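Accompanying notes for the structure given below.
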Amino acid sequence: MSFSDYTLEEFVNELGSKSSTPGGGSTAGLGGALASSLALMVIKLTKDSDLDKYTADLNDMKSEALELIDEDSESFDKVMSAFKLPKETEEEKEERSKEIQKALKGASITPLNTMKLGLKVLEIAKEVAKEGNPNAASDVGVAGLMALSTVKGGSYNVLINAQSLKDEKVSKELKDEANDIIAKAEKLANEIEEITASKISG
């Protein structure tokens, strides 16, 4: 059963349980779905604008974000499974190490995709903040905050897994890309916040 099929109460109860999944990475994915949905709402509340051109993309992002909730949990489960592999013989140790590294790389790429999604939402949210219904300015402002949380939340999971990779080149590439996305996301989020503040304060 997909986490997206859970009721809100079921999901938060599972999140607060002793199970390690869903965790922060899945929560970052959920943030992306919420941010996309809020931006969609503001577009639908805005008349006489060309913001409708973003509707299809935001719907796609919402669906992708819901998928990333599950993908993040699945990638973490693969890391845990790899650590549980037998390590009695040298051959088993070598195979276990190989599988751990493979799983860690996957557990880095999934949240990186979450970060990329959050950045795309921020790019659209900025346009919605500028052109959207001023009466819904606070909603797109929240969308910007949620999308930034998606980016930064995803980054924690990229970095914690990437630092355990033995392939230093791959590790550096993942970290560099994550940091680049964060810088772009923070700039956009600040711009959205400024636009939102100017509209809600008059």
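Along the positive direction of the dipole of region 146-197 (beta-carbon charges: Lys, Arg +1; Asp, Glu -1; about the Cα centre), which of N157, A197, N179 reaches farthest? Going by the charge dipole, the pick is N157. Here the simple spin-label model places points 7 Å from the Cα toward Cβ, and for I160 and M1 these points are separated by 2.6 nm.
Working from the pairwise distances between different alpha carbons, so that the mean of 1/r is found and then inverted, what is the chain's Kirkwood radius in Å? Show your work: numbers first, answer last.
Working: mean 1/r = 0.0561 Å⁻¹.
Kirkwood radius, the chain: 17.8 Å.
Estimated from helical segments only, the mean residue ellipticity of the chain at 222 nm is -28000 deg cm²/dmol, where each DSSP H run of four or more residues counts as -39500 (n - 2.57).
Dipole magnitude for the chain: computed about the Cα centre from +1 point charges on Lys and Arg Cβ and -1 point charges on Asp and Glu Cβ, it is near 440 debye. Using θ = phi - 60° in the Karplus curve 6.51 cos²θ - 1.76 cosθ + 1.60, the 3J(HN,Hα) couplings for region 83-98 round to 5, 8, 5, x, 9, 7, 9, 4, 5, 5, 4, 5, 5, 4, 4, 4 Hz; x is entered for Gly and Pro. When you count the other C-beta atoms within 10 angstrom of each residue and take the mean per peptide, 70-81, 2-13, 25-36 line up highest first as 25-36, 70-81, 2-13.
Bear in mind that the values in this text are calculations on the coordinates, not laboratory data. No experiment lies behind these values; they were computed from the predicted model shown. Note that each Cβ is placed from the backbone with ideal geometry, even for glycine, and that neighbours are counted across all protein chains shown.
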